[in-house]
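Enquirer: Sharing a structure here in structure tokens format.
Nothing in this text is a laboratory measurement; each read-out follows from the coordinates by a stated rule. Keep in mind that what you see is a predicted model, and the values were worked out from it rather than measured. Glycine gets a Cβ as well: all are built from the backbone with ideal geometry, and neighbour counts include every protein chain shown.
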Amino acid sequence: MRSGQHGPFLGCSQYPVCAYIKPLKQQTDGHIVKVLDGQICPRCQGTLVLRQGRYGMFIGCADYPACDYVAAVDQPDATTFDCPSCRSGKLVQRTSRFGKNFYACDQYPQCRFVLNYAPVAGICDVCQFPLLMEKNTARGPKLFCADKACGKPVAEKEHDKE
């Protein structure tokens, strides 16, 4: 009997020659929280359920593992801004694995343009980059150039005219 990061387990007494292990508790990952009556799985026509998984809540088929359908819960929020790098994509709001919001081009991986702050319409006075970003500073929100090579602050009076 040994204890590890995920709880107690049975391990071979001949370790490290034999690395056999068996968990003592069953996996609770993906347990059903609520049955969604009236919603059917598009693959197998089974019932959809709300499950609690390792990475949060998700909607999946009740007939798992026979059917591994999972509904997309979080769609990225599209913005009205065109990507200034590739000019063919749109900026979408995404969430990092640490829970912070950022804005990236929807043409990823062909275009890798990313902003860590909210995009704002405008043109940089210094480099003429077609997008600005709003940062919250100690003196309140300020506008900066969204180009990583420039990053200069933009005069407030210039932005107020637009």
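Enquirer: How long are the semi-axes of the equivalent ellipsoid of the chain, taking √(5λ) for every eigenvalue λ of the Cα gyration tensor, in whole Å from largest down?
Expert: Working: eigenvalues 444, 114, 43 Å².
The three semi-axes for the chain are 47, 24, 15 Å.
Enquirer: Measuring from label point to label point, each 7 Å out along Cα→Cβ, what is the GLN128 to ARG87 span in nm?
Expert: A separation of 1.3 nm, rounded to one decimal place.
Enquirer: Normalised by the number of residues in the stretch 77-161, what is the relative contact order in percent for Cα pairs under 8 Å and 6+ residues apart?
Expert: Working: 156 pairs, mean separation 14.0, N = 85.
Over the stretch 77-161, the number comes to 16 percent.
Enquirer: Consider just the alpha-carbon atoms of the stretch 2-71 and return their Rg together with their Dmax, both in angstrom.
Expert: Cα-based Rg and Dmax for the stretch 2-71 come out at 17.2, 53 Å.
Enquirer: While we're here: Above 13 angstrom, tally the Cα pairs of the stretch 108-147 and express them as a % of all pairs, no decimals. Walk me through the numbers before you get to the answer.
Expert: Values: 422 of 780 pairs.
Distances greater than 13 Å cover 54 percent of the Cα pairs.
Enquirer: Shifting gears a bit: Suppose each label sits 7 Å from its Cα in the direction of the beta carbon; what would the ASP106-MET1 distance come out to in nanometres?
Expert: 5.6
Enquirer: Averaging sequence separations of C-alpha pairs under 8 Å and six or more residues apart, then dividing by the length of the chain, give the relative contact order as a whole percent. Mind dumping the intermediate values first?
Expert: Numbers: 274 pairs, mean separation 13.7, N = 162.
Over the chain, the number comes to 8 percent.
Enquirer: A follow-up question, please. Please report, largest first and rounded to whole Å, the three semi-axes of the ellipsoid equivalent to the stretch 77-161, where each semi-axis is the square root of five times an eigenvalue of the C-alpha gyration tensor. Intermediate values should be presented prior to the final figure.
Expert: Numbers: eigenvalues 92, 50, 22 Å².
They are 21, 16, 11 Å, listed from largest to smallest.
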